[in-house]
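Student: Here it is, the structure in full.
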Amino acid sequence: MTGASVLRASVGAFRGRLTAASVLFGLHQAGEALVPVLVGVVIDQAVGTGDVGDLVLWLLVLGADFAMLSYSYRFGARQAWYADVHADVRLRMQIAQRLLHPRGGAEAGRLPGSLASIAVADAKRVGVVNFALPLGVAAITAVAVAAISLLTISLPLGLLILLGTPPLLWLVQLVGKPLERRSGPEQERAAQASGVAADLVTGIRVLKGIGAEASAVRQYAATSRNALGATLRATRAEAGFLGTVQLANGLFLALIALVGGRLAADGELSIGGLVAAVGLAQFLVGPLQVFGFVSARIAQGRASANRIAEVLTSEHAVGAGRDTTDDATVASALVGGVLAVRDLTHDGLDGLDLEVHSGELVGVVARDPAHAGALLRCLGREVEPESGRVELDDVPLEAYPPEVARAAVLVAAHDAHLFSGTLRDNVLAGGPASRDLEPAMAAAQADQAADSLPDGRDTEIAARGSSLSGGQRQRVALARALAADAPVLVLHDPTTAVDAVTEARIAAGLRDVRATRSTVLLTTSPALLAVTDRVLLIDGGRVTARGTHDELMADPTYRAAVTG
């Protein structure tokens, strides 16, 4: 898929409406072009002769023309706006579907703000092409009607327009090339600035905590200056483009007026013909300016379509699963069993091996946070490991479709987000709405957080949980993970924002609520590790020590990892 194919698909999806809009806009422009012609006829056929009957007749014809062009534009605009807005929505949905695809990959190397810019600004620019194209067709219709009218009034004037318009259109396309080249970088740098800003806002508490506000401001200022420079260059290109088009249009129309005036002076045009010719020349300013507008929108639409195509065609992060995985095997995965990591190598992990049996609560301590992140990505099927594999009851996770693998092995990340909606909706987001949320709420101590809110479990939560404290957000996110009741649950540092007493209660609650399920606690919290059946220490990318928390406290490396 290319940017051109994205643009063609966006236009082709609304072919019928665009055709209707083009016809109706064409009728509007034809009616506009006929206004000076009919005024000229009124002057020659009625005013010049003094015939009242002819005057009334031609005034009625003029009124009918105004009614026709008015209604044509109204209904044409409805069709064009429909195509514009729905093409915008259609592209946003395609981008959202790609970003939410179970196999992932679209977000790789892109900041959230950049993706938001593509889904909003770029989709809108492509959608606007659907409104611009019928206007371009109507502008061509207007020039054709004006040329035919002028050929009827005066052969030299008609030929002047017919022969002069194609070079003018070629000039418009030529000067529009720099605008198209600069529209892409402008959007890219603006998206980069938006992404940096979004990331800074998200991590503002962390930045304040480590005293990095000044560095963050400098980073955003530099990115913002780059975006401003790109915007100014694109704006200068657009200004130069529109100015050149305006100048070319003005010179062309001045030439038409000069030729028409000369013909009238030589007696080759009647008074009405001269009025019609001058009126048509003035009318042509609009259609010729429309050519510039349409060309600019198409140039920007092409640049935005290229950026959208990059997202839609981005490579998937993981495979689709094997066709040999039958329904019975998939069903067994959702029951759960033994989770095994076999000789896993990925991003610092070096031949990692571990097993978690059904009903076990196993702690994993990684001395290097990067190794913890790599393990989480492999368990969550976010990436394909470099070598080795993750198995569930001796079946590789890669054999399942990603959505099945993630339902069987649920990874609850440390920075899990909450969504706008009620606390109840957030907790039940990972499972059926009919599920009893109270055991999960109690285990995560989220029931206490709910009781302190104005409407309890029905309290509305702001996007990203910003209306809650850090500890409340963490407890609600943990309750959501527990309520999903996954066969294998992997929790990453779920209690870093809660106090010691609450953490101890959560540790006990986890043990009870996950008694018949497999659970992996990737953490350095002594309170959580103390309730596990056993703990694995990862050092240098592989498991170097095994035992209970109390046993491993005698190991200096382990003790430094959990108490340092």
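Taken together, the values in this text are just the output of simple stated rules run on the coordinates, not laboratory data. No experiment lies behind these values; they were computed from the predicted model shown. Don't worry about glycine lacking a Cβ; one is built from the backbone with ideal geometry, like all the others, and counts go over all protein chains shown.
Student: Dividing the Cα convex hull volume of the range 420-480 by residue count, how many Å³ per residue is that? Could the numbers behind the result be given before it?
Tutor: On the way: hull volume 4.2 nm³, N = 61.
Dividing the Cα hull volume of the range 420-480 by its residues yields 69 Å³.
Student: Then there's this: If I take the Cα coordinates of the range 80-149 and project them onto the principal axes, what are the three extents in Å, biggest first?
Tutor: Projected onto the principal axes, the Cα atoms of the range 80-149 cover 60, 19, 15 Å.
Student: Please give the length that would be gained between T548 and R534 if that part of the chain were fully extended, namely 0.36 nm times their separation in residues minus their C-alpha to C-alpha distance (nm, one decimal).
Tutor: On the way: separation 14, 0.36 × 14 = 5.04 nm, distance 0.44 nm.
Extra length available between T548 and R534 comes to 4.6 nm.
Student: If you average 1/r over all unlike Cα pairs in the range 15-88 and invert the result, what Kirkwood radius do you get in angstrom? Display every interim value, and only then the final one.
Tutor: Details: mean 1/r = 0.0735 Å⁻¹.
About 13.6 Å for the range 15-88.
Student: If R0 is 35 Å, what FRET efficiency do you get for D266 and A121 from their C-beta distance, rounded to 0.05? All intermediate terms of the calculation are to be shown ahead of the outcome.
Tutor: Numbers: r = 55 Å, r/R0 = 1.58.
Result of the calculation: an efficiency of 0.05.
Student: Work out how much length S358 to M1 would gain on full extension: take 0.36 nm times their residue separation and subtract the Cα-Cα distance, in nm to one decimal. Please report the intermediate quantities before stating the final value.
Tutor: Values: separation 357, 0.36 × 357 = 128.52 nm, distance 4.52 nm.
Extra length from S358 to M1 when fully extended: 124.0 nm.
Student: For the range 513-564, just run the numbers: alpha carbon Rg, then divide by 2.2 N^0.38 Å, N being how many residues it has.
Tutor: On the way: Rg = 11.1 Å, N = 52, 2.2 N^0.38 = 9.9 Å.
Against the compact-globule rule of thumb, the ratio is 1.13.
Student: Now for a separate question. Ranked by Cβ crowding within 10 angstrom, fewest neighbours first, how are W58, W81 ordered? Intermediate results must be reported in sequence, preceding the final value.
Tutor: On the way: W58 20, W81 14.
Neighbour counts put them in this order, fewest first: W81, W58.
Student: Could you tell me the calculated FRET efficiency between A560 and V85, based on Cβ-Cβ distance and R0 = 60 angstrom, to the nearest 0.05?
Tutor: Values: r = 60 Å, r/R0 = 1.00.
E(calc), rounded to 0.05, equals 0.50.
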